[in-house]
1. What percent do you get for the relative contact order of chain B when only Cα pairs under 8 Å and 6+ apart count?
2. When you have a sec, figure out the Kirkwood radius of the stretch B:154-364 from all distinct Cα pair distances and drop it here in Å to one decimal?
3. Mind checking A:132-143 for the average number of partner chain beta-carbons within 10 Å of each residue's beta-carbon?
4. State the Kirkwood hydrodynamic radius of the stretch A:81-160 in Å, one decimal place, computed from all pairs of distinct Cα atoms.
5. Whole angstrom only: what separates the Cα centroid of the stretch C:489-555 from the Cα centroid of the stretch B:158-205?
6. If you average 1/r over every pair of different alpha-carbon atoms in chain C and take one over that average, what Kirkwood value in Å do you get?
7. Once the Cα gyration tensor of the stretch B:1-153 is found, what semi-axes does its equivalent ellipsoid get, as square roots of 5 times the eigenvalues, in whole Å, sorted largest first?
8. Pairing the Cα long axis of helix C:303-312 with the longest principal axis of chain C, what angle in degrees results, from 0 to 90 and rounded to the nearest 10?
Amino acid sequence: MECKCNCNSNMKDEKMEQILQKYDADKNNLIQILNEVQEAYGYIPKNAQLEISEYLKMPMAEIYGVITFYARFILKPKGKYNIAVCLGTACYVKGSEKILDRVKQRLGIDVGETTKDGKFSIESTRCIGACGLAPVFTVNGEVYGKATIELVDKVIDEYMNKD
Amino acid sequence: MKTLEEIRKIREEKIKELDIRVNSSENVKEKHILVCHGTGCTSSKSPKIIENFRKILEEKNIENVRVIQTGCFGLCSKGPIVIIRPEDVFYAMVTPEDCEEIINTHIIEGKIVERLLCKDTNNTTVKKLDELNFYKKQKRIALKNCGVIDPENIDEYIAFDGYKALEKVLLEMSPDEVIKEVTSSGLRGRGGAGFLTGKKWEFAKIAEGKQKYVVCNADEGDPGAFMDRSILEGDPHCVLEAMMIAGYSIGANKGYIYVRAEYPIAVQRFQKAIDQAKEYGILGKNIFGTDFEFDLEVRLGAGAFVCGEETALLESIEGKSGRPRLKPPFPANSGLWQKPTLINNVETYANITKIILNGADWYSNIGTETSKGTKVFALGGNVVNVGLVEVPMGTTLREIVFDIGGGIPNGRKFKAAQTGGPSGGCIPEEHLDTHIDYESLAQIGSMMGSGGLIVMDDSKCMVNLAKFYLGFTVDESCGKCTPCRIGTKRMLEILERITEGKGQEEDIEKLEILADTIKKTSVCGLGQTAPNPVLSTLKYFKDEYLAHIENKACSTKECKALTKMQIDSEICKKCGLCVRNCPVGAIVGSREEGFKIDTEKCIKCGLCASKCNFKAIK
Amino acid sequence: MPEMIKLNIDGIDVEVKKGTSVLEAARKINIDIPTLCFLKEINAAGDCRMCIVEIEGRRGLVPSCNTKVEEGMIVRTNTEQINNYRRVILDLILSSHNRDCLTCVRNGNCELQELTKKFGITNIEFEGTKVNNTIDEISPSIVRDASKCIMCKRCVAACKNVQNIGAIDVAFRGFESRISTTNDESLNNVNCTFCGQCIEACPVGALKEKDDTTKVWKKIRDKETFVVVQIAPAVRVALGEEFEMPIGTNVTGKMITALKMIGFDKIFDTNTAADITIMEEANELIERINNKETLPMITSCSPGWIKYIEMNYPELLNHLSSCKSPHEMFGALLKTYYAEKEQLDPKKMFVVSVMPCVAKKFERQRNEMKNNEFDNVDAVITTRELARMIKQANIEFTTLEDSSFDSPIGEATGAGAIFGTTGGVMEAALRTAYEKLTGKELEKIEFEDVRGKNGIKKATIQIGDSYINVAVAHGLGNAKEILEEIKAKKADYQFVEIMACPGGCIMGGGQPIVNSKKRLDNDVRQLRANALYDIDEKSKIRKSHQNPYVIKMYEEYLDCPGSHKAHELLHTHYEKKTKYNI
Ligand SMILES: Cc1cc2nc3c(=O)[nH]c(=O)nc-3n(C[C@H](O)[C@H](O)[C@H](O)COP(=O)(O)O)c2cc1C
Ligand code: SF4
Ligand code: SF4
Ligand code: SF4
Ligand code: SF4
Ligand code: SF4
Ligand code: SF4
Ligand code: SF4
Ligand code: SF4
Ligand code: FES
Ligand code: FES
Ligand code: FES
């Protein structure tokens, strides 16, 4: 019996299609594709996993395994403002734990979580190469160096007042 | 496409124009404003500085002044750094707002902006970069072009002898001769283990197989290290050129560079370098008219420290989770897609062109008996000058920390230095005079590692530090083998216990048993070295462990659970500021009666102490 | 002659074939190096580190399961240091393990428990947090209990490398590592085929069948219900293992006695249904050949395989024979033909199948397996569950007397028996098709070409003046190869047999679990298969169409193979299934 269902071809999302187009249907490209999906969506949506699975002809469990292995790939979108506190050694030695604690306290969430309103999320990173400014944190990639609790408060207040 | 002739011509022409970058000839008309575009300075707004300079120059119609973005100068803690050539004046901690003044005063009026000059560690004001103590003991080989050239301009690279080594190798040397040169230079892998680079090349060359690969390990997972990143950002072509030389030597025509995706500037610069090299016909077929061909691709890592381990890296390039493979077989025989593969670190490659051009003898004259050449360190932590330093092997730790690093800030005392990151060990004061080379560091329980060097002052608790490193390895363990997967977790739990005042007498012995088992039975280098931070702190700072366990005390007050926040009523001015700042409402009392901290409620965040203007809370 | 390698292990010289692992070489001289993650022919990843040994001249300790012997090697397996390390590693595994042995399905047949006993561990030194403890018991076939998992990854190797499915894989990293489906879904919602090969591979109680014994006991004890049990061919040659009998012991007679003692009302042999399946299948094949319909025809008696093709190659579904699997056919007949004959109310009948298979638990609840609103089969229990029931009934199995299956539909042929091993369906079908097509008696009835352990077996069989090409694949990895061939139209087979489990049902996911050590010492598949071939050889009747009961059933009820009635009861059809319901 021939399958007449073409649901999958209809469902494809354009952004995904564009990404997949760039790569041969070769398992070796999985991480590169995931990196692009992460970049494009801010996380790896389930549907994207499904499409990658079909395109590369690999089981979804294997893709899930790779996604969950690498810290960069996340399964849920981050908050609108993602605060990343560097916990690299240089920053740690300069007291980044206190910075992180303060961020957690202010937002009432833990590392890897997003506030209920979806506005903020917290991440911890390893050295971002700005050890000269340690301790360092970033908000959506913008770097704040020589951080203090006051600076954290100031920056969070600023973003709280933004949309 | 450029012919070899054309490339040689670019070199000749361009160097005339760029001579002012290295020589201070006073009577050239042009000026170059060099602005650091390394990660450190970029983070403190150097792109904006570049933009402002260009805008102001245009507005004021000033010609003959070029603004150039460079790689890291090294002294990142004084960034953003601006240098004006040919007079070689060095401005530190420049802000975008300072640009106007620099143009007006320095460029137009020809006077130095005194307030932006840098104070050295001995408090003298320094005009030129290399007058700083920071640079005096350094020797830049791997970092030769960093801070000198515009990394995004292949011509500038060519001007400073770029692709000359490749030319020499392709036209004048046989693969065996190249390998011999690398071998006799004594260069050892800078990725950590210190394996003799020439030997590795030889293994890859004699390995059987038509298809071979060259891989560059730019994963740099050590948290607190940014040497490789700085090289890629400041001088990407030198790595590219070295990979081609390696390809020629071992018989590979394809290379991969594995860079962490968290290094966007490095990725983008390296990609640009590849594109430019392809445009010039340096990458591709029939390179320099020979029948050598080479192709290069960038592969991105995605945030896993273990992917720096060479076999995990190969798995990751192949698109899989980065779980290490069992060795043997070694990558030289069975690497990427089971083909012979040469893997070297960024810094290792960065030395190659210099060795080819200046000769093995020149190189092997630098350094110590067993460790030749220089080593780049990312110096960080409680030290005055934080940044990138490159020193000859054999330099002592004391020289790095005190002469180059300028010692410990805030009048505190040196306590320990950590080399080798999470795989390394803590080095106490008594070993500060150790000469840096692979063997000496190993002897005192640490290791060279990739070059992270973190200095700690006496405010740091060593048990807490060991816990920090172990927390890192627990997070980063791939989970493949039992001892590392569960063992490191158990060690971490014990350390957590100790820092929380719940340590038991037998915990030290337990740590030792676990450490020994994990080191000896783990699959890869991550597990095999993970216990080092614990072992070295146990070796040199056992007292601290004992104090935590027996007296439930942490002398540095870093271990929150062992400290009690208290208001010193003698000092307290009853201003009430602390009350408002306590996030959990643990401070009780009134302005009349004074304030007290409810230790049950207090979460020891330290906020009240940091807010109190009178330092009444400890 | 294979090249031989001499080496020395713990002071004893040993000579083994090149390519042997140090672990296997040691076993040759009665040294039993402890292992956990190693499983012969399935996994030698060197992950658990229990099997570490010292090899002179090698840096560090090496896993013996993953290290090949080399000439002149000097190996030490039993130094104080190594034993201490092994003990710590074992301790670590136990420290994060849910150690409730008493209530664990693998109590008594657990590799971890065995090692714990062997090392005399009576106290966990390095207690700490445990790994996650999610349980997935949603599917009708398999229960996954993460709290028992020791991350040996044998299941992943079986599922991904052998079966080429990849329903489960290693996810997360470090201490958080776990075996997971995509997005931690239930196995029920993903591409799992329920072949159960992962269960067979698991050294501990992290994977098990969904237990249906309680349900069966309840019906047995209910006097109102007429409980019929039927037993698949592969069960009888493996059940004995659960009672410490040698692998490959045929315990048919004892098994029937035990079933009687348990209290089943009637005990029938699924082999009889296998004979009916052959009648139908052979007929379908002949019709397809004559009417030039879609070929090759592929067998359809393995539900793991059916789920596989539905999910992965829906475009090839028209190649599938429309026959139900034997026990479903039997169920359909029991609730119609037999019920009528014995004047039983099908509503009050309860048909239990004892199967070597966990996929059949899934199959039995499919909509396609119903007639007149009745499920053809009401419960499927595995060989292991039957063993448990026998024990629960306080039966001393090994010393039981033999009994025979119940008449009137009890008798089966040798052809039905070999259904349980790879190539068996093919062989049985050929015996019948040959005689039906040629009208002549088949002289040599063993088709050696389709026997044996090769993953894919091909043969060309002369039938009268014509030839038919056949292929046999077992294990889904091999099935995939054949399907790709068919898809690419590169196959000129007329008939293909596919079994989901490598080795066929004798190695099914419901069979007694043979631990790693025993698998190293015995060729389990061969021993069990031999027992089935032995039953065949000793059978009076060895061709399905000569089974007198089958002939009678057609005469009395079904008319002829492929008749309208037969289609209604014994045939079905399959449809595309999505792999991921997420
Ligand atoms: C856990 C672990 C992490 C590593 N990380 C890096 C790294 O980030 N960069 C690197 O070059 N080498 C790293 N290495 C070392 C590599 O495995 C390998 O030895 C090196 O890339 C070889 O290059 P070399 O000979 O030039 O040093 C790491 C090793 C281990 C065990
Ligand atoms: S030592 Fe750790 S990182 Fe290395 S393979 Fe084992 S679990 Fe993975
Ligand atoms: S802030 Fe300091 S001075 Fe003010 S009430 Fe608190 S402890 Fe006293
Ligand atoms: S340390 Fe933090 S929680 Fe404790 S009293 Fe001070 S502000 Fe409050
Ligand atoms: S898996 Fe084994 S060790 Fe674990 S509880 Fe079950 S029987 Fe005991
Ligand atoms: S073995 Fe020990 S724990 Fe288990 S049932 Fe017997 S006495 Fe109890
Ligand atoms: S039952 Fe089969 S397909 Fe499903 S997870 Fe287990 S091995 Fe894989
Ligand atoms: S489920 Fe079983 S086979 Fe799979 S990894 Fe866990 S213990 Fe091993
Ligand atoms: S081969 Fe047998 S045991 Fe395996 S799934 Fe098919 S019917 Fe079940
Ligand atoms: S450690 Fe934080 S930026 Fe380097
Ligand atoms: S990044 Fe500018 S000096 Fe290092
Ligand atoms: S490492 Fe050999 S049995 Fe697990």
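The values are calculated or read from the model by the stated rules, or taken from the named source; none is laboratory data. Computed from a predicted model, the values in this text were never measured in an experiment. Positions of Cβ are backbone-derived with ideal geometry, glycine not excepted, and every protein chain shown enters the neighbour counts. Quick note on the areas: whole protein, heavy atoms, side chains included, nothing else; ligands and nucleic acids left out. Shrake-Rupley method; radii C 1.70, N 1.55, O 1.52, S 1.80 Å.
1. Worked out over chain B, it gives 11 percent.
2. 16.8
3. Per-residue shielding by partner chains comes out at 4.
4. 12.1
5. The distance from the Cα centre of the stretch C:489-555 to that of the stretch B:158-205 comes to 62 Å.
6. About 24.9 Å for chain C.
7. 25, 20, 15
8. 80
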